[in-house]
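Participant: Here it is: the structure, laid out below.
The values are calculated or read from the model by the stated rules, or taken from the named source; none is laboratory data. Keep in mind that what you see is a predicted model, and the values were worked out from it rather than measured. Methodologically, a virtual Cβ is constructed for each residue, glycine included, from the backbone with ideal geometry; neighbour enumeration extends over all protein chains shown.
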Amino acid sequence: MFRILEKLGTETLYLLETTGRMGLFLGLCLGRLVTPPYKIRPVVRQVHFIGARSLFVILFTGAFTGMVLGLQGYYTLRKFGSEGLLGSAVALSLLRELGPVLTALMVIGRAGSAITAEIGIMRNSEQIDALECMAIDPFRYLLAPKFLGGLIAIPLLTFVFDAVGILGGWAVGVGLLGVNQGVFFQSMYKAVAWHDINMGIIKGVVFALVVIWICSVKGFYLHLERSGGFGAEGVSRTTTSAVVLASVSILVWDYLISAMMI
């Protein structure tokens, strides 16, 4: 009985310690974003790494997601004689849910894992300790550009995903299945409101913050992670943990934002 209570207390203390450490990390990173001096080149480099280099996978995923929505939506709506609502179904599904969520998940797999591994290797090889010894703030030099680059790039990638997905749904619905093009876009025009677009924007910004936060903090505190530790194996386990935690967090935040905004 005492061993169970001891284990429960240990796990609770570890959870509180980890939560507090992550909260302080986020506060320090956001604080460095708004304090001068400001350097543009590191931010542009991160926008290129997170955004431009993720563009192909976003285009590919967005196109086929829209095509699947168009195909499945058509055969579902046809049972009720409502094929004309296909445009609104595709647009609302992408703008409100699938666009922000799938964009964030793709960025986690392509860029988030690389961020965790990069920072984890720097911690592993004591490069972060060397920065601190030279009086260089690692939060300003290393982490703030990643946060700002992610906050710029991921919402833009979400817009690209939505646009390409709608075109994919149009190609399947109109070009392949014979839905009237005017009806397709008219139903979309009537159904989509600014509230739906705002929900997608808010989700894109929140998901960007969550992705960069979790992937960065996992690598930065590699030496304090139970699943981590020093060495190549520690970096690989921490990267896996970061990808899983970030992906699950995206789904949780997706529900919370939807529940608050609907």
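Participant: Just checking, which of 179, 183, 205 is part of a helix (DSSP H, G or I) and at pLDDT below 90?
Facilitator: On the way: 179 fails: part of a helix (DSSP H, G or I); 205 fails: at pLDDT below 90.
Residue meeting the stated conditions: 183.
Participant: Can you tell me which of (1) outside any helix (DSSP H, G or I); (2) touching a Phe, Trp or Tyr at 6+ places or on another chain (Cβ under 6 Å) is the one residue 62 doesn't meet?
Facilitator: In the conditions (1) outside any helix (DSSP H, G or I); (2) touching a Phe, Trp or Tyr at 6+ places or on another chain (Cβ under 6 Å), residue 62 misses (1) alone.
Participant: Could you list all residues from the range 136-176 that are surrounded by fewer than 18 Cβ atoms within 10 Å (Cβ to Cβ), aliphatic (A, V, I, L, M) and either modelled with pLDDT under 90 or on the phi > 0 side of the Ramachandran plot (or both)?
Facilitator: Scanning the range 136-176 gives 136, 176.
Participant: List every residue pair whose Cβ atoms lie under 6 Å apart, where the two residues are 6 or more positions apart in sequence or sit on different chains, the first residue falls within the range 46-59 and is touching a residue at least 40 places away in the same chain (Cβ under 8 Å) and under 10 Å from residue 160 (Cβ atoms), and the second residue, located anywhere, is charged (D, E, K, R) and assigned to a helix (DSSP H, G or I).
Facilitator: 54/110
Participant: Looking for something surrounded by fewer than 19 Cβ atoms within 10 Å (Cβ to Cβ), among the charged types (D, E, K, R), farther than 25 Å from residue 169 by Cα and over 16 Å from the mean Cα position of the chain (by Cα) - is there at least one such residue anywhere in the range 42-55?
Facilitator: yes
Participant: Next up: Tell me the residue from 192, 183 that is closer than 21 Å to residue 157 by Cβ and surrounded by fewer than 22 Cβ atoms within 10 Å (Cβ to Cβ), please. Can you show your working first?
Facilitator: Details: 183 fails: closer than 21 Å to residue 157 by Cβ.
None of the other options fit; the residue is 192.
Participant: Go through 21, 41, 45, 53 for me and flag whichever is in a helix (DSSP H, G or I), at pLDDT below 90 and either touching a Pro at 6+ places or on another chain (Cβ under 9 Å) or among the basic types (Lys, Arg) (or both).
Facilitator: After ruling out the rest, the residue left standing is 21.
Participant: Do we find a residue being among the aromatic types (Phe, Trp, Tyr), over 25 Å from the mean Cα position of the chain (by Cα) and either outside any helix (DSSP H, G or I) or at pLDDT 90 or above (or both) anywhere in the range 230-242?
Facilitator: So the first thing to find is which residues in the range 230-242 are among the aromatic types (Phe, Trp, Tyr), and the list is 230.
The next check asks that each one be over 25 Å from the mean Cα position of the chain (by Cα); those that pass are 230.
Subset that is either outside any helix (DSSP H, G or I) or at pLDDT 90 or above (or both): 230.
Within the range 230-242 (the criterion being among the aromatic types (Phe, Trp, Tyr), over 25 Å from the mean Cα position of the chain (by Cα) and either outside any helix (DSSP H, G or I) or at pLDDT 90 or above (or both)), the answer is yes, since at least one residue qualifies.
Participant: Could I ask something else about it? Quick one: would you say residue 223 is surrounded by fewer than 17 Cβ atoms within 10 Å (Cβ to Cβ), more than 22 Å from the chain's Cα centre (by Cα), of a type outside the set (A, V, I, L, M, F, W, C) and in a helix (DSSP H, G or I)?
Facilitator: Working: surrounded by fewer than 17 Cβ atoms within 10 Å (Cβ to Cβ): yes; more than 22 Å from the chain's Cα centre (by Cα): yes; of a type outside the set (A, V, I, L, M, F, W, C): yes; in a helix (DSSP H, G or I): yes.
Yes: the conditions hold for residue 223.
Participant: Taking the conditions exactly as written (in a helix (DSSP H, G or I) and under 23 Å from the mean Cα position of the chain (by Cα)), does residue 9 satisfy them or not? Steps first, please.
Facilitator: Working: in a helix (DSSP H, G or I): yes; under 23 Å from the mean Cα position of the chain (by Cα): no.
The answer is no for residue 9.
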